Structure formats: structure tokens, C-alpha cells
Amino acid sequence: MDRPVGRDAEFTTFMAEAQPLLARMAWLLCGDVHRAEELVQQALVRTYVAWPRARGGDPLAYARRTLSNLRIDTWRKHRPETLLPPEEMPGGLAPSSAQQHAERDALVRALLRLSPQRRRVVVLRYLMDLSEREVADDLNISLGTVKSTAHRGLEQLRGLLADVAPHPDHATPSRTRKDDR
């Protein structure tokens, strides 16, 4: 099969830029660096096959959606997963302190306790920093579903992380009641 050189070069450039973002997303969704690598490879292969269509729009959104759909397929198979430590994340997520390591580990463990849909929405919205509209488009759900799922997911995460002591730099001041002013 004859493939245009320009297409391959264009996709190679896209892949170099997108791979770290997709690897992070995949790892946050499944908690296993090896499974995340497999998901990214599968998503990139599917994106390459559909490259003429994908590059016509937003190729990163296409790849994210493909990765998310691949992840959904594995959830449906009820495959047990093993959580690996955050320092094994692609891109070198080496902790700079014991506290950061503990907080990151607690976050990943809490994410894995969310339902698949809540986890996908929270990861895309807050950890991948997508807009609500982008999350809705990527997951093919309504904007209202994104908002309510994100709210419930964050609420559940707060409950799961309540026992983890906040880092001093991230402490928030307590609210004061109107009567106390």
C-alpha cells in the first residue's frame, strides 16, 4: 500500500506531541503504566488509520476519544487491574518529596474507586484540563451530564481523600460566618 510521505511526517509530528498527554490520560484512567502504554499504542494506531479524517478536525480530541473508548472496552470486560506507584508513570512523574508522593498515590487510589464514567470525566476535566464542552464532545455525552458527573466525582473524591492531610502550601483558609465578622 502506497502511503504519502507527507502524511507519515505529519502524523509522526502529531504523535510526538500527543503521546505524553495520551500516556498521562491513559495512566490516570487505568492506574497501570503497562496497560496505559498499550492503550496509547492502540489509540495512536487507530488515529493513524483514520488520519485523513482525524486531521480534518482536532486530531488530539480524536485520539483522546479513541483512547477513552478503548478504556471503556476494557472496563466492560471486567478485567482486574493492579495499581502501580505514581513514579512509574510515563514522562517521569518522580515525586519531589515524600508528601507529594503520598498525595499523588492517594489521588490515584481514590480515582480508581470512582465509577468508570466519573473517573473519565474527572480525569479529562480537571487532570487533562479540558473544558466541559471538550469533555462532552470527547465522551459523547451532554454538557449537563459532564457538569453533574464532575460535581459528583469531585464530591466523592473529597470524601475519599478526607483522611489525607493537605500539603501546607495547599491549605485553604476556613470560612467565616457573617456573625463572626
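Conditions (1) modelled with pLDDT under 90; (2) farther than 24 Å from residue 137 by Cα; (3) among the charged types (D, E, K, R), marked per residue:
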residue: 11; (1), (2), (3): no, no, no
residue: 14; (1), (2), (3): no, no, no
residue: 23; (1), (2), (3): no, no, no
residue: 33; (1), (2), (3): yes, yes, no
residue: 41; (1), (2), (3): no, no, no
residue: 46; (1), (2), (3): no, no, yes
residue: 54; (1), (2), (3): no, no, no
residue: 64; (1), (2), (3): no, no, yes
residue: 67; (1), (2), (3): no, no, no
> Can you pull out the residues in the range 38-58 that are surrounded by fewer than 21 Cβ atoms within 10 Å (Cβ to Cβ) and in a helix (DSSP H, G or I)?
Replying inline: 38, 41, 42, 44, 45, 46, 48, 49, 51, 52, 53
> Do any helices (runs of 4 or more DSSP H) entirely within the range 70-181 hold 2 or more residues that are modelled with pLDDT under 85, and if so, which?
Replying inline: 98-113
> In the range 20-37, what residues are touching a Pro at 6+ places or on another chain (Cβ under 8 Å), buried (at least 18 other Cβ atoms within 10 Å of the Cβ) and touching a residue at least 60 places away in the same chain (Cβ under 8 Å)?
Replying inline: 23, 24, 27
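The values are calculated or read from the model by the stated rules, or taken from the named source; none is laboratory data. Quantities reported herein were computed from a predicted structural model and do not represent experimental measurements. Heads up, the Cβs are rebuilt from the backbone with ideal geometry, glycines too, and the neighbour counts pull from every protein chain shown.
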